[in-house]
Amino acid sequence: MTITRFAPSPTGHLHLGSAYAAWFAWQRARAAGGQFLLRIEDIDTQRCRTDYTDALITDLDWLGLDWDGPVRVQTEHLGDYRAALDGLKRRGLVYPCFCSRADIAAAGSAAHGPEGPIYPGTCRHVSPECRAVRVACEPHAWRLDMQAALAQIDAPLVFTEHGEIRVCDPARFGDVVLERRDTPGSYHLCVTHDDWLQGVTLVTRGEDLLETTELHRLIQALMGWPAPAYAHHVLLRDATGQRLAKRDAATSVHVLRASGATADAVRALAGIPGL
Ligand code: GLU
């Protein structure tokens, strides 16, 4: 059975681009007689707000997009992500990182990966004794030891995108953060964990996350989680070619609705055909 999901981070109101992303996942599930899930990815508690979550649920419903089963809210399941990370700790595939953003900037890594400067690996070289002491008393994140992780993978990593096989090269991400210092989890760990836990068979999302999928395939392979198929869709852009942003009121479903636009009109603006 096809199971898709829409997994927004509630850092602002639903905009036309996210409405399109929600519809894209919804129609793939509905066309296949499958299930469409809604998941709130709110682990970034500095930026996410529950009133945005409530508003986006109202807006999706108003647009005529219905979902199956209860909404999964990531902050209600932090123990799940801790357990996944504990497994990686036991296997020696993650290490604690005590560096602040300023430390990393000062280290001046010349190498850039898909998410910006590659972590120079400073804390990979901290001795086990020193690590144990520092973990007990200093704020820290947990990073994937990329070389150790890749050494566990014996066949080339691939994923299916619109039926085509794509080969992954996650090494260029470097030692990514799997648990942030402020919250037990990270986008990469939580999204792959939940897609597995919820039995998602087709991950649909914007083409801006295409490269990230290569890293997600590595995490899935390390954890023994089966690979879903992927369909990355084009992003909606404004007249100047800029990606739509949550801060832009002109493209907010909430604002358009409040100003009297009909659901049909908003669907048309989002490129959603009549339901
Ligand atoms: N939560 C992510 C976002 O709002 C998307 C997650 C995903 O589709 O992988 O950008």
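What FRET efficiency comes out for Ala239 versus Asp264 if R0 is 22 angstrom and r is the Cβ-Cβ distance? Round to the nearest 0.05. Kindly include the intermediate steps, with their values, before the conclusion.
On the way: r = 22 Å, r/R0 = 0.99.
After rounding to 0.05, the efficiency reads 0.50.
Helix-derived [θ] at 222 nm for the chain: sum -39500 (n - 2.57) over DSSP H runs of at least 4, divide by residue count, nearest 500?
Values: 10 runs with 102 residues, N = 275.
Value at 222 nm, helices only, nearest 500: -11000 deg cm²/dmol.
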- Where a ≥ b ≥ c are the square roots of the eigenvalues of the C-alpha gyration tensor, would you call the stretch 19-163 rounded, which needs a/c under 1.5, or, failing that, prolate if a/b is larger than b/c, or oblate? prolate
- Which one of His125, His77, His216 has the biggest mean-square fluctuation once the chain is modelled by GNM with Cα springs under 10 Å? His125
- Query: Given Gly79, Thr204, His125, which one lies farthest toward the positive end of the charge dipole of the chain, if we put +1 on the Cβ of every Lys and Arg and -1 on the Cβ of every Asp and Glu?
  - Reply: His125
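Counting DSSP beta bridges with both partners in the chain, what percentage is antiparallel, nearest 5?
The antiparallel proportion sits near 55 percent.
State whether the stretch 1-79 is rounded, prolate or oblate according to the following rule on the C-alpha gyration tensor (a ≥ b ≥ c being the square roots of its eigenvalues): a/c under 1.5 gives rounded; otherwise a/b larger than b/c gives prolate, and the remaining case gives oblate.
Working: a/c = 2.24, a/b = 1.42, b/c = 1.58.
Oblate, because a/c is 1.5 or more while a/b does not exceed b/c.
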- What is the Cα convex hull volume of the chain when expressed per residue in Å³? 146 Å³
- Looking at the stretch 96-241, send over the antiparallel percent of its DSSP beta bridges, to the nearest 5. 60 percent
- Decide, for the stretch 98-207, between rounded, prolate and oblate: order the square roots of the alpha carbon gyration tensor eigenvalues as a ≥ b ≥ c, take rounded if a/c falls under 1.5, and otherwise choose prolate if a/b is larger than b/c, else oblate. prolate
- Task: Could you please rank Val266, Val176, Val253, Val135, placing first whichever residue has the fewest other Cβ atoms within 10 Å of its Cβ?
- Result: Val135, Val266, Val176, Val253
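Read-outs throughout are calculated quantities, based only on the coordinates presented, and are distinct from any laboratory measurement. Because the structure is predicted, anything quoted here is derived from the model rather than measured. Glycine also receives a Cβ, built like all others from the backbone with ideal geometry; neighbour counts cover every protein chain displayed.
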